[in-house]
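Values quoted throughout were computed directly from the atomic coordinates according to the rules given, and no laboratory measurement underlies them. Since we're looking at a predicted model, the values are computed, not measured. When we count neighbours, we look across all protein chains shown, and the Cβ atoms used for this are built from the backbone with ideal geometry, even at glycine.
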Amino acid sequence: MAAVSEITACREVGRKRPKGYCDWRPTRRIKVLIEQVEHVLVEHEDYLPLTCRQVFYILVGAFEFAKTENAYANLCEHLVRARRARMIPFDALRDDGAVVMAERWFDGPVGFWDHVGRQVRAYERDKQTGQAYYVELWCEARGMMEQLARVAHEYSVPVYSCGGFSSLTANRMIVDRILSRSAPTVMLHVGDFDPSGESIFEAMVEDVQSFLAEDALLPGVHRLIPERVALTPEQIERYEIPMAPVKGSDSRAAGWTGGTAQAEALKPPQLACEVRDAIERWIDADVLQEHVELERLERVELAGALPRGAS
């Protein structure tokens, strides 16, 4: 396929932005771009959904797409139009979505037992039970949570994101979880290599540890072990990730030397590998295997306890 450089989005002057499904006739150059995006999605189908930023960096490396913020903004615009035009599946890409608060309701006992049957078939043990450490995985970008969870949930590791700097409430909830556990908590973090990305992690850790200094009943147990999983200078060099100058508008740029890079510049397989390796450094493989074997037996036991006719 021909390389596509920076593309100017075609906006219809004086018309409202499209709503719902809508037809779209992209230019020849944009059609080539959409074909390249489809190639990216097929190549990384095991890691879907991807964020728009991840697609952008893959295009930069594979198709010489222009690495500018304007090019990224235009790409996002094209991806919106392509999804509305049914050229790209909605569930192939992930943006920061809505926050939902809802209970689980049923249409009657039959619906309830169908739900219970599905839960039994999906039954999993908490594989962190009995481990010497309890691991949490945090990511700066909310859109990456589902992708990271696909790796982390194999180990029963929960994934969190504040979409930027964490609130006081979020930090206090971390403290409360640490105080409720009988093992030290390891906080693995995936974020950008730039002044804000580093500050997000450092500020969260500092606040949590300050609370723990006062509240920890068992300091050897009720403690936080922070670890930066990505993005690191070593990964930038190893994976040859493109760098950008620090933004002059970043109030935290004072004292920052060198360039910056975003975590989403890591290709999905690379990111999955880094996260898996980081988790396995803190997980006892023998304890994990015991849970896997018990899980299989308990699933059969639970299925046998279902009422007759429950699916």
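Brief remarks on what is shown
- The phi-based Karplus calculation (6.51 cos²θ - 1.76 cosθ + 1.60; θ = phi - 60°) puts the 3J(HN,Hα) values of region 112-128 at 5, 6, 4, 4, 4, x, 5, 5, 5, 5, 9, 4, 9, 6, 6, 6, 8 Hz, whole numbers, x for Gly and Pro.
- Between the amide H of residue 135 and those of 186, distances stay under 5 Å, these residues lying 5 or more places away or on another chain, with hydrogens modeled in the peptide plane.
- Region 132-283: relative contact order as a whole-number percent, Cα under 8 Å and 6+ apart: 27 percent
- Fraction of antiparallel bridges per DSSP, the chain only, in percent to nearest 5: 10 percent
- The orientation-averaged projection of the convex hull spanning the C-alpha atoms of region 132-283 amounts to 9.3 square nanometres.
- Which of 75, 306 has the fewest Cβ neighbours within 10 Å, and the rest in rising order: 306, 75
- Distance-filtered residues of region 268-304 - backbone nitrogen under 20 Å, label point 7 angstrom along residue 240 Cα→Cβ: 268-274
- Structure remark: mean-square fluctuation, Gaussian network model of the chain, C-alpha springs under 10 Å; the largest value among 251, 182, 161 belongs to 251.
- Above-threshold pairs, the threshold being 25 Å between Cα atoms, out of 67/247; 247/267; 19/67: 19/67
- Diffusion coefficient, µm² s⁻¹, Stokes-Einstein with Kirkwood Rh over alpha-carbon pairs of the chain at 20 °C and 1.002 mPa s: 96 µm²/s
- Assuming charge only on the beta carbon of Lys and Arg (+1) and of Asp and Glu (-1), the dipole of the chain about its Cα centre is about 1560 debye to the nearest 20.
- Exposed-loop-free span, longest in the chain, where GluC sites (Glu not before Pro) count as exposed if DSSP calls them loop and at most 15 other C-beta atoms lie within 10 Å: 125-239
- Förster radius 41 Å - calculated FRET efficiency between residue 206 and residue 115 (Cβ-Cβ, nearest 0.05): 0.45
- Residue among 193, 106, 63 with the largest mean-square fluctuation in a Gaussian network model of the chain, springs linking Cα atoms under 10 Å: 106
- Sites residue 181 and residue 280 - FRET efficiency at Förster radius 25 Å, r taken between beta-carbons, to 0.05: 0.80
- Per residue, the average separation of C-alpha pairs within less than 8 Å and at least 6 apart gives region 28-94 a relative contact order of 42 percent.
- Rounded to the nearest 10 degrees, the inclination of helix 28-43 to the longest alpha-carbon principal axis of the chain is 20 degrees.
- Region 88-147: proportion of alpha-carbon pairs further apart than 17 angstrom, %: 70 percent
- Remark: 232, 257, 27 ranked as 257, 27, 232, counting other beta-carbon atoms within 10 Å and listing the fewest first.
- Note: relative contact order over the chain, using C-alpha pairs below 8 Å and six or more positions apart, is 19 percent.
- Positive end of the dipole of the chain (Cβ unit charges, origin at the Cα centre): among 242, 109, 257, the Cα lying farthest that way belongs to 109.
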